[in-house]
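Only the coordinates and a few stated rules stand behind these numbers; no lab work does. No experiment lies behind these values; they were computed from the predicted model shown. No Cβ is skipped: glycine too gets one built from the backbone with ideal geometry, and neighbour counts run over all protein chains shown.
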Amino acid sequence: MNSPITTPTPTQNRKADHIRICLEEDVQCQQVTTGLEKYRFLHCCLPECDRSDIDISTDFLGKKLNAPLLISSMTGGTEQAGIINRRLAEVAQQYKLAMGVGSQRVALEKPQVADTFAIRKYAPDVLLLANLGAVQLNYQCGVDECLRIIDILEADALILHINPLQEFIQPKGDTNFRGLFAKIENLCDKLPVPVIAKEVGNGISGKMAQQLISVGIQAIDVAGAGGTSWALVESERAETLLQRRLGRTFADWGIPTADCIISIREQFAEIPLIASGGLRHGLDVAKAIALGANIAGLAMPFLKAADVSETALQDLTEVLIAEITTALFCTGNKNLSQLQHSDSLQRIQ
């Protein structure tokens, strides 16, 4: 692998900062929650099934997953990120989970770090999602660049992450969000793989989902509020007092994850829907699916485990699978479809 350490670009430095801050600082939302705590499953004391009857597998964007789990987009572009991505890819392959990588903009700026994203060799059978910021379509990125990052990953789909708050607070952030709907429509029309719209922790409303779907977006990752606050992350990197203050003021900005899921699913019964944003265990995953998501994405739990070891990642995945399975067993649902169409989840607040 060519070393990505030599003469790091500003983007590489930012990626390294993001990993360090997420692992070392408290950058979780302080006041806003995911909204999932407002729901509780109705316990079924006689589920009329054996544990072996429980099937938590699903299909998403044409790929079979053994569990409704996405290892959410996190990192890439540095040596540490390359190690983390390899570990994540290996556990995704072992358990047949979906996986996204962090923004691949750095691989366009510095092609020698592309290997930190080239994980298909570790995960030959899983759903892999390439990733680029939607705003980069206004900064010299177009169809050709998107094809390049899809090729680097041998990806099954492309995530366009949408992050106006983060870019506004970020030192030297890219803040020209004009005309992006038209560019996204062109991209969706030209690319050979589905395009997924994803927020980064502030949520996608039903109204915004409608506009995104109307221009060709084929799946939505709500990435709602209640987990990692990228406003807080950027405040930790602030170069000025103004940036630091903005990050702290808007630390709890956004739409709770549960609200995003409900508002989008009520309008669009068939759109492939990913729930992410503050999900921390398998019970959160089960609640999100009961609310209407198809699969659920987790980032922080996987990042922390990947930073420790491959064994820690395997242990985490085993726990998540067991938690989801337990939720189905103790509500008397044998599979995810039954869970979604049951009345097992009740609002308590």
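How would segment 264-339 be classified by its alpha-carbon gyration tensor: rounded, prolate or oblate, with rounded meaning a/c under 1.5 and the a/b versus b/c comparison settling the rest? Since a/c reaches 1.5 but b/c is at least a/b, the shape of segment 264-339 is classed as oblate. Residues in segment 327-332 carry Karplus couplings, in order, of 4, 5, 4, 7, 10, x Hz; the curve used is 6.51 cos²θ - 1.76 cosθ + 1.60 with θ = phi - 60°, and Gly or Pro positions show x. Where does the Debye-calculated log10 I(q)/I(0) of segment 173-323 sit at q = 0.10 Å⁻¹, using only Cα point scatterers of equal weight, no solvent? Debye curve over Cα of segment 173-323, log10 I(q)/I(0) at q = 0.10 Å⁻¹: -0.42.
Counting every other Cβ atom within 10 Å of each residue's Cβ, D50, D55 order from fewest to most as D50, D55.
Between the Cα long axis of helix 10-24 and the first principal axis of the chain there is an angle of about 40°, rounded to the nearest 10. In terms of other Cβ atoms within 10 Å, D221, D144, D151 run from fewest to most in the order D144, D151, D221. Within the shell of other residues whose beta carbon sits under 12 angstrom from the beta carbon of A123, the net charge comes to +2, with Lys and Arg scored +1 and Asp and Glu -1. For segment 122-194 and segment 55-71, what is the centre-to-centre distance using only Cα atoms, to the nearest Å? Here the two parts' Cα centres lie 23 Å apart. Here the dipole of segment 1-152 is about 240 debye; that uses its Cα centre as origin and unit charges on the Cβ of Lys and Arg (positive) and Asp and Glu (negative). Of A327, A98, A238, which is the most mobile in a GNM of the chain whose springs link Cα atoms less than 10 angstrom apart? Between A327, A98, A238, it is A238 that shows the largest mean-square fluctuation. Taking the DSSP bridge list for the chain and keeping only pairs wholly inside it, about 20 percent are antiparallel. What whole number of Å gives the distance from the Cα centroid of segment 317-349 to the Cα centroid of segment 250-272? Value for the Cα centre distance between the two parts: 20 Å. Dimensions of segment 20-347 from C-alpha coordinates, computed as largest minus smallest value along each principal axis and given longest first, are 58, 42, 40 Å. The relative contact order of the chain comes to 23 percent, based on Cα pairs under 8 Å that sit 6 or more residues apart. Axis of helix 282-291 versus longest Cα principal axis of the chain: the two differ by about 80°, to the nearest ten degrees. Around D156, what is the net charge, scoring Lys/Arg as +1 and Asp/Glu as -1 over all other residues with Cβ under 13 Å from its Cβ? Spelling it out: positives minus negatives among the neighbours equals -1. Using only the Cα atoms of segment 221-303, build the gyration tensor, take square roots of its eigenvalues as a ≥ b ≥ c, and label the shape rounded, prolate or oblate: rounded if a/c is under 1.5, else prolate if a/b is larger than b/c, else oblate. Judged from the Cα gyration tensor, segment 221-303 comes out prolate (a/c at least 1.5, a/b above b/c). Residues whose amide H comes within less than 5 Å of that of N131, counting only those at least five positions distant or on another chain, are Q104, I159 (H built at 1.01 Å from N in the peptide plane). Computed from the alpha carbon positions, the gyration tensor of segment 122-199 leads to an equivalent ellipsoid with semi-axes of 23, 15, 10 Å, biggest first.
Here is how the number arises for the chain: DSSP H runs of 4 or more residues each give -39500 (n - 2.57), the sum is divided by the residue count, and the result at 222 nm is -12500 deg cm²/dmol.
Positive-end ranking of I152, A290, W230 along the dipole of the chain, with charges on Cβ about the Cα centre, is headed by W230. Working note: Karplus 6.51/-1.76/1.60 with θ = phi - 60° gives segment 164-173 the couplings x, 5, 4, 5, 5, 8, 4, x, 6, x Hz, where Gly and Pro are set to x.
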